[in-house]
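A short write-up of the structure that comes next.
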């Protein structure tokens, strides 16, 4: 009997790995990273932009654990929904996208108060779109790359983050992209 590992199962696997890595004795200060960021998503798909606009405000949550030296394993979650109008007919349309993913990050100190964040991993992209009485939904695996520059005061982080998270799918022989580039401000805690 073949079983498919669903996105919810991946989250349990990721949390289990994070817990195991958190038990390693190499961990000291700056072990746990918890952050919230909010900023603009610039959709990668031109058809999506035509219906919903060139930029969308999107929140993101991130949780990371240091495994060795400046290397972290992290998970992220991002979600948004948007209303728009179809081209020419001006019919109402609604879209919702969610990203759950994670990977490895390099998170070194540049000086006493400045840290850099460079991460890469995979993301599960879930989408749902409804327009003109047709509802399309799905889930695809994509990739995630990001970089940020954070100011650290005691255990609080403030910073700027840029990322690109995307996946691709097909509907009636038309290829489309989910997600896109993102620029955001971040507040977080590291302890």
Q | Among the candidates 184, 124, 163, residue that is farther than 29 Å from residue 91 by Cβ, modelled with pLDDT of 95 or more and in contact with a helix residue (DSSP H, G or I) (Cβ under 6 Å, 6 or more places away or on another chain) | A | 124
Q. Just checking, how many residues over the stretch 133-152 are touching a strand residue (DSSP E or B) at 6+ places or on another chain (Cβ under 9 Å) and without any contact (Cβ under 8 Å) to a residue 12 or more places away in the chain?
A. 2
Q. Residue 155 versus (1) over 19 Å from residue 110 (Cβ atoms); (2) loosely packed, with under 14 Cβ neighbours inside 10 Å; (3) at pLDDT below 95: which is the lone unmet condition?
A. (1)
Q. Are any of the residues in the stretch 179-191 surrounded by fewer than 20 Cβ atoms within 10 Å (Cβ to Cβ), touching a residue at least 60 places away in the same chain (Cβ under 8 Å), over 16 Å from the mean Cα position of the chain (by Cα) and outside any strand (DSSP E or B)?
A. yes
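Conditions tested, residue by residue: (1) buried (at least 19 other Cβ atoms within 10 Å of the Cβ); (2) in contact (Cβ under 8 Å) with a residue 40 or more places away in the chain; (3) on the phi > 0 side of the Ramachandran plot.
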{"residue": "30", "(1), (2), (3)": "no, yes, yes"}
{"residue": "43", "(1), (2), (3)": "yes, yes, no"}
{"residue": "48", "(1), (2), (3)": "yes, yes, no"}
{"residue": "51", "(1), (2), (3)": "yes, yes, no"}
{"residue": "55", "(1), (2), (3)": "no, no, no"}
{"residue": "60", "(1), (2), (3)": "yes, yes, no"}
{"residue": "65", "(1), (2), (3)": "yes, yes, no"}
{"residue": "89", "(1), (2), (3)": "no, yes, no"}
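Can you say whether residue 100 is in contact (Cβ under 8 Å) with a residue 12 or more places away in the chain, within 30 Å of residue 30 (Cα to Cα), touching a strand residue (DSSP E or B) at 6+ places or on another chain (Cβ under 9 Å) and surrounded by 15 or more Cβ atoms within 10 Å (Cβ to Cβ), as far as the supplied structure shows?
Numbers: in contact (Cβ under 8 Å) with a residue 12 or more places away in the chain: yes; within 30 Å of residue 30 (Cα to Cα): yes; touching a strand residue (DSSP E or B) at 6+ places or on another chain (Cβ under 9 Å): yes; surrounded by 15 or more Cβ atoms within 10 Å (Cβ to Cβ): yes.
Yes; evaluated as a whole, the condition is true for this residue.
The values are calculated or read from the model by the stated rules, or taken from the named source; none is laboratory data. In this text the structure is predicted, and so the values were computed from the model without any measurement. Positions of Cβ are generated from backbone atoms using ideal geometry, with glycine treated the same way; all protein chains shown enter the neighbour counts.
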